[in-house]
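Participant: Okay, handing you the structure first.
The values are calculated or read from the model by the stated rules, or taken from the named source; none is laboratory data. Please read all numbers here as calculations on a predicted model, not as lab measurements. Backbone-built Cβ (ideal geometry, glycine too); neighbour counts: all protein chains shown.
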Amino acid sequence: MSRYNFKETEAKWQKTWADRQTFAARQGDAGEKYYVLEMFPYPSGRIHMGHVRNYTLGDVVARHKRARGYNVLHPMGWDAFGLPAENAAIQNKVHPATWTHKNIDTMRAQLKTMGLSYDWSREIATCDPEYYRHEQKMFLDFLKAGLAYRKESWVNWDPAEQTVLANEQVIDGKGWRSGAAVEKRQLGMWFLKITDYAEDLLAELENLPRWPDKVRLMQENWIGRSEGARVFFPLKGRDAPLEIYTTRPDTLFGASFMAIAANHPLALELAKNNPHIDAFIAECNALGTSEAAIETAEKRGFDTGLKAIHPLDEKREIPVFVANFVLMEYGTGAIFGCPAHDQRDLDFARKYALPVRAVVAPRTIAGTKEQDDFVENLNTVASEAFTDSADACVLINSEFLDGLSVTEAKRAAIGALEEKGRGKSTIQFRLRDWGVSRQRYWGCPIPVIHCDDCGAVPVPEADLPVTLPNDVTFDKPGNPLDHHPTWKHVNCPTCAKPARRETDTFDTFFESSWYFARFCAPVDDQPFTRDAVDYWMPVDQYIGGVEHAVLHLLYSRFFIRALKDCGYLGVKEPFSGLMTQGMICHETYRAADGTWLTPEEAARLPEGQITVGRSEKMSKSKKNVIDPEVIIGEYGADTARLFMLSDSPPDRDLDWTDSGIEGAWRYINRLWRMVTEPALSLPPAGTPRPAELGAHTLGALKNIHKTIDAVGHDLEQFHFNKAVARIRELSNLLDGLDADDKGAPWVLRLGLETLVRLLGPMLPHLAEELWSHLRQEGPLLADTPWPEADPILIVDDSVTIAVQINGKLRGTVELARDSAEDVVERAALSLPAVSAQLGGRQPRKIIVVANRIVNVVA
Ligand code: ANZ
Ligand code: ZN
C-alpha cells in the first residue's frame, strides 16, 4: 500500500506556484474582481493554530473564487508595530526592529509551508518607513480637515512606568505590570474625530448584510445612540446653571439629587476652597477611568452643599453631590438622580438617605389601592428600582404629566422645558473621539513639532517621513524617544526657534485602519494609487477574529470615511463581507500538584496522575497548545487544513483532537490511493461520454453532478464542513461503483476528476498532484475552472429518454420529467452519436414521445 509523500509533493507545488506567479493579482484582468483578506498578523514570533484556521478559511475562499473565474486579490502582510517588541527589548536586550524582522522571517517561512494562495509581491510591514510615511501625510491632511485635534484629556497614568495605560491595563486600580497605584492625569493627546461620523457609522450598518449580526449589534451598542434631553438646573447663589443629560426627562418630578463627575469643572472649582471635596476627587481619580471600573466600584458621593432648583417646580431645592459613578466623558458629566426608576440612583439614595419619589407606575394599577402600596413601598423600603418604561406604564405624581405614557411624557416634559428655556431635546452618542497618542517608541511618530511660541506645528510635508531613531535605550522607564539625546530637538518650522518633536507615536490601530487599501497598490511615492483602490476596494470578504468587532473594524470604517473626505479614495465602507471565525480549543491537563501540563507531558504520565479538564481556548497559560509547525511537519499542510475545515463551521469553536488529525491524514491517503491506484483502468482523459450507461453508473453520474452543485453552494456559504462531508460521500460512492456496469470506467474517471477539482481549494497540494496524475497535459489545477453541474442531471425527477435515428437506438439522454419538446430535441441532437450521423445536415423531422423516445428522421 503506497503512502502519500506530502513533504515532497507540498514543496513541489509551492515552488511551481511561486515560480509561475500563479497567484499574482493583476488589476483589470478578465473576470469580476474579488478581494479576499484575512486580518494580518502581529509578528509575535511563530504562527499559532488560530492563524492556521484564519488563513485556511481565507485560502479556500480565494482559491474557490479564482476557480469560479474571478480576478482575485489575496495579499498578506504584518501589523508590525506594538508593545511586545518593546517588552522584548527590555527583557532580552534586542532592538524592537531586529526582533520584529526576525519574527516576520520566521512566520513568513511558516506560512509558506501552508500553501496559501497569496500574492507575496504585495507584502507589507507597517513598521517600514515606506509604509508609515504615508500615514503621517494622512494625519497632516486630517489636521487640515479638522478631523484631528489636540486636547488635554484624562488618562490612566502609571507613575512607576511613566506611561499612559489603556483601561484594560489597569487592574484593581493598579498598573498591570508595575503594580503601582494608577493615577488619573491630564495630558495633551491627539484625537481623531470619529464622533463626526457616529450617525453615518451607525446608519450604514444596515447596508452591510454580509456581516454577522452579532458584530453589527456590537458596533451599534458601542456607538450607543440615545435620544434624550439636556436640562439646565439653576444653582442657588450662582449665575451659571448646571447642565445635565438625561434619557428620561419624563421622570423629572422624581428627581431627588444632582450628581456631577469628579472632574467636572464645578467640582474642581469647589475643591479649591474645600479640602474635603478635593480629597474626595483624589479618591475618585484613584479608581481609574474605565467604565468597567466605575460600574463595579461601590457608589460613593460627597455633598457639595450647593442646591439646584427644579426646572419645572421653582419651590423645590435639590442637593448637588460629586459622585464617583458619573463619567465626565459622557453627556455633560452631570445628572439628576431619580432613585425610584434607576437602580444606581436608588442604591445611592438609600446610602445617603435621600428621598425617593415614584413617578411611573404600571397602568393596570393606576388609581387603585394597589398603586398606593406600590408607591409607598418604592419610596420607603424597596431595594429594586422600577425601571419599566413600556407604554403599559403611566406617569403619576408629576403634575401635568400625570396619566401620560413614558413616550408621551418625554415629549411633554421637553416641550415644557423648551418653553421655559430650561432644556432641549438632543441625540447623544456613547462613542468617544479616538485618542491616538501613545507614549511608546515602537510606533509611527506623530509628525508634529511643539514650539513655545507657535504651539503644535505640523511637520512640513517635504520633511516627511519622520523616522524613528535607531539608537535608543530601554534601560529606564518611560518613552525612549523622550530620553533620546538629540532626536526631539529640532527647530520650529514656522519661526525657526528651538522646538521639540512630538515624542508620542500613533496607536497601532492607526496602521491597521488602512493597510487593506495599501495592498491594492503598494507603490513607492503614494499610499496607493487611486485607480487601484477604485478597482479593488472594498474588500469583498474579510476574515478574522470576533475580538476586533468594535476596535479595528470600527476604526477602519471611520478611517476610510475620513480618507474619502480628504480625497484619497471613493468608497466609504472598507469591508463589504465579514466572517468571524471561532476559537481553537483543546483539552487541558493538570498534574497532581495542580500545575498545567502540555498535551505531550500529559501523554507521558500514567492516567491516574493527571486530571483532564474541559476543552478550552488554546493558550500558553494553560499549556493546551498544539504547535502548527509540528503538525505540518508530521502530517503536512493539507492534513492540517482538512481537519480545520471538516470539524465544525468556521464561526464556531473547534476542538483540536489527535483522533481528528489522524482521521484527516487517513482520508488524505485514501484519496491518494483512489486516484493513483484506481479500481478500474481509466479511459484516457477527455474521452467523451459513452452512448449508453448502465442504470447504476447513471445513478453515480447523477450523484457526481449533485455533489458539484451542492459543494459549490456550500463553499459560497462558507459551509466548509458540509462540503467536506459531501466530498467524503462522493469518495464512498466511487469506491462502491459496480465495475461491470456499462460505462463504469468512464464515470470513475469523471468522479475522480471531480473529486480532485472540488478538493482543490481545500487541499491544494494533494489536489494539484492528483490532477497532474489524471491529466498529464493541460493547465495546473490552480488554473482550471470550477466544474459545472449539469442542470439536467441534478434534477431528482428525471427520465431517461431513448434517442433513435430512423428508428435505431443511438443513445440516451437524461432530462427532467416533462421537459419541453425543444429542450428534448436539442439534447438529442447534441449527442455525439447523433451529430456524427447527421454530419452537419438538418434532420428531416423529429418526433418526441414525451418522457420516452426521441426519433430523429434523417
Ligand atoms: C435621569 C434618569 C432617570 C436617568 C431614570 C435614567 C433613568 P444612556 O441610555 O446610556 O444614554 N447619565 C447621563 N450622563 C451620565 C454620565 N456622564 N455618567 C453617568 N451616568 C450618566 O444613559 C443615559 C442615562 O444615564 C441618563 O438618564 C442619566 O440618568 C445617566 F429613571 O437621567 B438618566
Ligand atoms: Zn515657532
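Participant: Considering only strands (runs of 3 or more DSSP E) fully contained in the stretch 797-849, which possess at least 2 residues that are in contact (Cβ under 8 Å) with a residue 60 or more places away in the chain?
Facilitator: Counting at least 2 such residues, we get 798-805, 808-816.
Participant: More than 19 Å from residue 539 (Cβ to Cβ) and at pLDDT below 95: is that true of residue 18 in this structure?
Facilitator: Spelling it out, it is not the case that residue 18 is more than 19 Å from residue 539 (Cβ to Cβ) and at pLDDT below 95.
Participant: Of all residues in the stretch 599-612 being surrounded by 15 or more Cβ atoms within 10 Å (Cβ to Cβ) and within 35 Å of the chain's Cα centre (by Cα), which is farthest from residue 114 (Cα to Cα)?
Facilitator: Step by step, filter the stretch 599-612, then rank; the result is 602.
Participant: Here's a follow-up. Of everything in the stretch 755-786, what is surrounded by 21 or more Cβ atoms within 10 Å (Cβ to Cβ) and not aliphatic (A, V, I, L, M)? Give them in sequence order.
Facilitator: Scanning the stretch 755-786 gives 757, 760, 761, 764, 765, 768, 769, 771.
Participant: Shifting gears a bit: Looking at the stretch 615-666, which of the residues that are in a helix (DSSP H, G or I) and in contact with a strand residue (DSSP E or B) (Cβ under 8 Å, 6 or more places away or on another chain) is modelled with the highest pLDDT?
Facilitator: Here the residue is 644.
Participant: Across the stretch 361-381, what is the total count of residues that are farther than 11 Å from residue 341 by Cβ, of a type in the set (A, V, I, L, M) and in contact (Cβ under 8 Å) with a residue 12 or more places away in the chain?
Facilitator: The number of residues fulfilling the criteria is 2.
Participant: Has the stretch 55-66 got at least one residue that is surrounded by fewer than 21 Cβ atoms within 10 Å (Cβ to Cβ) and within 20 Å of the chain's Cα centre (by Cα)?
Facilitator: Among the residues of the stretch 55-66, not one is surrounded by fewer than 21 Cβ atoms within 10 Å (Cβ to Cβ) and within 20 Å of the chain's Cα centre (by Cα), which makes the answer no.
Participant: Take the stretch 319-348 and flag every residue that is crowded, with 20+ Cβ neighbours inside 10 Å and away from ligand 1 (no atom under 12 Å from the Cβ).
Facilitator: 320, 321, 322, listed by residue number.
Participant: Turning to a different aspect of this structure: Residues 485, 447, 465: which one is over 25 Å from residue 157 (Cα atoms) and away from ligand 1 (no atom under 16 Å from the Cβ)?
Facilitator: Of 485, 447, 465, the one residue that is over 25 Å from residue 157 (Cα atoms) and away from ligand 1 (no atom under 16 Å from the Cβ) is 465.
Participant: Working only within the stretch 389-405, note down all residues that are in a helix (DSSP H, G or I) and either surrounded by fewer than 21 Cβ atoms within 10 Å (Cβ to Cβ) or among the small types (Gly, Ala, Ser) (or both).
Facilitator: Correct list: 399, 400.
Participant: Also, quick follow-up: I'm trying to understand the selection: among the residues of the stretch 417-444, which are of a type in the set (A, V, I, L, M, F, W, C) and away from ligand 1 (no atom under 16 Å from the Cβ)?
Facilitator: Result: 434, 436, 442, 444.
Participant: Tell me whether the stretch 391-405 contains one or more residues that are within 11 Å of ligand 1 (Cβ to nearest atom) and either modelled with pLDDT of 95 or more or over 30 Å from residue 220 (Cβ atoms) (or both).
Facilitator: No, because not a single residue in the stretch 391-405 is within 11 Å of ligand 1 (Cβ to nearest atom) and either modelled with pLDDT of 95 or more or over 30 Å from residue 220 (Cβ atoms) (or both).
Participant: Taking only pairs six or more apart or across chains, which ones have beta-carbon atoms under 6 Å, a first residue in the stretch 147-166 that is basic (Lys, Arg), and a second residue that is assigned to a strand (DSSP E or B) and surrounded by fewer than 22 Cβ atoms within 10 Å (Cβ to Cβ)?
Facilitator: Qualifying pairs under 6 Å: 150/188; 150/456; 151/191.
Participant: List pairs: first residue in the stretch 318-331 and more than 19 Å from residue 252 (Cβ to Cβ), second residue of a type in the set (Ser, Thr, Tyr) and near ligand 1 (Cβ under 6 Å from one of its atoms) anywhere in the structure, Cβ distance under 9 angstrom, at least six positions apart or on different chains.
Facilitator: 330/245
Participant: Condition first: surrounded by fewer than 17 Cβ atoms within 10 Å (Cβ to Cβ) and either closer than 30 Å to residue 147 by Cα or within 16 Å of ligand 2 (Cβ to nearest atom) (or both). Now tell me which residues in the stretch 406-425 satisfy that.
Facilitator: 424, 425
Participant: What single numbered condition from (1) away from ligand 1 (no atom under 13 Å from the Cβ); (2) over 19 Å from residue 230 (Cα atoms); (3) surrounded by fewer than 17 Cβ atoms within 10 Å (Cβ to Cβ) fails to hold for residue 295?
Facilitator: Among (1) away from ligand 1 (no atom under 13 Å from the Cβ); (2) over 19 Å from residue 230 (Cα atoms); (3) surrounded by fewer than 17 Cβ atoms within 10 Å (Cβ to Cβ), the lone unmet condition for residue 295 is (1).
Participant: Okay, moving on. Hey, any hits in the stretch 89-99 for a residue that's among the aromatic types (Phe, Trp, Tyr), at pLDDT 95 or above and either under 29 Å from residue 538 (Cβ atoms) or under 23 Å from the mean Cα position of the chain (by Cα) (or both)?
Facilitator: No, there is no match, as no residue in the stretch 89-99 is among the aromatic types (Phe, Trp, Tyr), at pLDDT 95 or above and either under 29 Å from residue 538 (Cβ atoms) or under 23 Å from the mean Cα position of the chain (by Cα) (or both).
Participant: Let me ask something additional. Identify, please: which residue in the stretch 287-320 is aliphatic (A, V, I, L, M) and at pLDDT 75 or above and is, among those, nearest to residue 184 (Cα to Cα)?
Facilitator: Selected residue: 297.
Participant: Quick check: anything in the stretch 466-473 over 21 Å from residue 163 (Cβ atoms), surrounded by 13 or more Cβ atoms within 10 Å (Cβ to Cβ), within 15 Å of ligand 2 (Cβ to nearest atom) and not aromatic (Phe, Trp, Tyr)?
Facilitator: Scanning the stretch 466-473, I find no residue that is over 21 Å from residue 163 (Cβ atoms), surrounded by 13 or more Cβ atoms within 10 Å (Cβ to Cβ), within 15 Å of ligand 2 (Cβ to nearest atom) and not aromatic (Phe, Trp, Tyr), so the answer is no.
Participant: Enumerate the pairs (first residue in the stretch 474-501 and under 17 Å from residue 464 (Cβ atoms) and within 8 Å of ligand 2 (Cβ to nearest atom); second residue anywhere and hydroxyl-bearing (Ser, Thr, Tyr) and modelled with pLDDT of 95 or more) with beta-carbon separation below 8 Å, excluding pairs fewer than 6 apart on the same chain, so at least 6 apart or on different chains.
Facilitator: From the stretch 474-501, no pairs qualify.
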